[in-house]
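Here, each number is a calculation from the coordinates, and none is a lab measurement. Since the structure is predicted, the reported quantities are computational estimates derived from the model, not experimental observations. Cβ placement follows ideal geometry from the backbone for every residue including glycine, while neighbour counts extend to all protein chains displayed.
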Amino acid sequence: MEETIKYFTQPELKKLFKVIEKSKGKYSLRDLLIFRLAYRCGLRATEIGLITLQNYNKNTKELYCKRLKGSFSNTIRLDQETNKLINKFIKECGPFCDTDILFKSQKGGPISRKTLDLSIKKYCLAARLQDSTKWHFHTLKHSCAVHLAESGLDIKELQNWLGHKSVNNTMVYFSFTTMQQKAMYKKLELQSKMV
């Protein structure tokens with residue numbers, strides 16, 4: 001039986017990020033940064049909770065991603081928008097940004113998966129995203145993987161980006177992209193040795 005992966009399309013993600021950006025809530029900057037980091041770095045909710053100020057290198061614009069579930073931890077270079085957001089967040093939280101946890105719960109511990117799942121449901125509803133089966137924080141990790149596969153990363157590059165120990169965990173994302181299929185057929189058209 002083939003596994004079905006739920007992921008946001010790029011237009012859906014743009015709508016989602018726009019809704020968070022335009023929200024006037026107390027946590028809108030934090031939430032936008034969390035969602036962008038989860039998407040750009042392919043992070044799980046619990047991995048978001050592990051990010052410390054020390055994990056971010058402002059000079060190289062890189063984030064050290066501590067991975068769980070037996071995955072390899074790695075360093076991801078942030079895009080310009082996410083880098084701008086993390087610098088703004090650090091500046092605004094000032095003395096509250098200690099070297100411990102960057103995204104804290106109201107109790108002072110790491111932000112919880114439950115809080116992140118509630119947040120994504122709230123923002124998906126506000127963005128009027130149709131398929132509510134996608135309204136889970138982990139969908140951001142799946143979206144990252146599918147979009148990177150569609151961007152032309154090969155399986156080993158994607159495996160490294162996501163921190164997967166086994167390439168079998170990465171393979172599933174290549175069945176969801178039509179970009180590889182188009183490239184394959186184009187190769188066959190141009191240089192096929194088939195009779």
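Toward the positive end of the charge dipole of segment 10-191, with +1 on the Cβ of Lys and Arg and -1 on the Cβ of Asp and Glu, the farthest Cα among 82, 168, 146 is that of 82. Measuring max minus min along each principal axis, the C-alpha atoms of segment 62-121 give extents of 29, 26, 26 Å (largest first). Against the chain, whose longest principal axis comes from its Cα atoms, helix 28-41 is set at around 30 degrees.
Compute the label zone of residue 79 within segment 111-127: residues whose backbone N is under 20 Å from the point 7 Å along Cα-to-Cβ. Answer for this model: 120, 123-124, 127. Projecting the alpha carbon convex hull of segment 29-138 along each direction and taking the average yields 7.3 nm². Estimated at 0.36 nm per residue, the fully extended path between residue 53 and residue 154 surpasses their Cα-Cα distance by 33.2 nm. Excluding residue 40 itself, calculate the net charge of residues whose Cβ lies under 12 Å from the Cβ of residue 40, where each Lys or Arg counts +1 and each Asp or Glu counts -1. In short, +1. The ranking of 138, 147 from fewest to most other beta carbons within 10 Å of each one's beta carbon is 138, 147. For segment 1-94, the calculated P(r) over all alpha carbon pairs, in 10 Å bins from 0 to the bin holding the longest distance, is 14, 46, 32, 7, 1, 0 percent. GNM remark for the chain: springs join alpha carbons under 10 Å apart, and the peak mean-square fluctuation among 119, 73, 105 falls on 105. Sorting the Cα pairs of the chain by distance into bins of 5 Å, from 0 upward, gives 1, 7, 15, 19, 19, 16, 10, 5, 3, 2, 1, 1, 0, 0 percent per bin.
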